[in-house]
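Any read-out appearing in this document is the output of simple, stated calculations on the displayed coordinates, not a laboratory observation. Just so you know, these numbers come straight off a predicted model, no measurement behind them. Please note: Cβ atoms are built from the backbone with ideal geometry, for glycine as well, and neighbour counts cover all protein chains shown.
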Amino acid sequence: MKLYYATRTRATRPRWALEELGVPYELVRIDMAARQHKSAEYMAIHPLGKLPSFADDDGTVLIESAAIAMHVADRFPERGLAPAPGPADRGRYYQWLAFGAATLDPPLFKVFYGKTFRANDPNSPLDIETNLPLVNVALDVLEGALTGREFLVGDHLTVADIIVGASLVAASRIDLLAERPALRAYVERLMARPAYVRANAD
Ligand SMILES: N[C@@H](CCC(=O)N[C@@H](CS)C(=O)NCC(=O)O)C(=O)O
């Protein structure tokens, strides 16, 4: 399995899943500073020229960090990173994955970029005023869901925690968790996991 990767991007999400699974994989490092992600060679793999992308042993190519993480979890079902299809937990797993990718991430990353490295870029107006209320509503839903719970689904970590958790790490970096103690504790627990630390190493 090959993961096309650059540090401090969403490629750390499927890398985290692979590290939790403890299976062998190859990191193919893409130099974003050199615009390698926009090369014709890389865009033949990822048509949007983004990271991550993934090539499985059988040649299957995938894009989208959440899809790659879900796919590798399903390849090794005995490791328990995805609930078995059918019972309610699988439905809740889909729910939080969709919530992370569709409800939380789009407004969160507009706010994140607006407050961080694109803060002073006049060519990149990122509407914090419109997006922040959407982020706050999504964070309140998650604060409720994680109050009194260690993980989003069941009693151990799943890919839902990886996808939602990675976004919450970004939210914590722009100080959006100050008034949300359950989310702060959840992020601290996730960041202390050895697989998270390995996935976020350079
Ligand atoms: N929804 C996609 C987002 C991919 C994405 O936007 N990746 C960023 C890095 S975190 C990227 O490659 N940006 C470079 C660009 O858009 O040119 C995913 O989760 O994989």
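Can you tell me the relative contact order of region 1-124? Whole percent, Cα pairs under 8 Å, sequence separation 6 or more.
Once divided by the residue count of region 1-124, the mean separation gives 22 percent.
Could you pull out the longest piece of the chain with no exposed loop trypsin sites (Lys or Arg not before Pro) in it, calling a site exposed if DSSP puts it outside H, G, I, E, B and it has at most 16 other Cβ atoms within 10 Å? Answer from the scan: 36-117.
Distant-in-sequence amide contacts of TYR4, defined by a placed amide H-H separation under 5 Å and a gap of 5 or more residues or a different chain, comprise VAL28, SER53, PHE54, ALA55. Computed over the alpha-carbon atoms, the chain gives an Rg to Rh ratio of 0.96, Rh here being the Kirkwood radius from the mean inverse distance. Per 10 Å bin, what percent of the C-alpha pairs of region 138-202 does each bin hold, from zero upward? Spelled out per bin, shortest first, that is 22, 59, 19, 1. If you take all other residues with their beta carbon under 13 Å from the beta carbon of ARG180, and give Lys and Arg +1 and Asp and Glu -1, the sum is -4.
Once the convex hull of all Cα atoms in region 88-199 is built, its volume per residue stands at 105 Å³. Mean separation of Cα pairs under 8 Å and 6 or more residues apart, divided by the residue count, gives region 88-199 a relative contact order of 30 percent. With Cα atoms as the point set, region 2-79 shows a radius of gyration and Dmax of 12.0, 40 Å. Note on region 2-79: dipole from Cβ charges, positive end direction compared against THR60, SER39, PRO24; the farthest Cα belongs to SER39. Among the GluC sites (Glu not before Pro) in region 121-186, those located in a DSSP loop and surrounded by at most 12 other Cβ atoms within 10 Å of their own Cβ are GLU179.
Counting only lysines at least 8 places from LYS110 when in the same chain, those with an alpha carbon closer than 17 Å to its own are LYS50.
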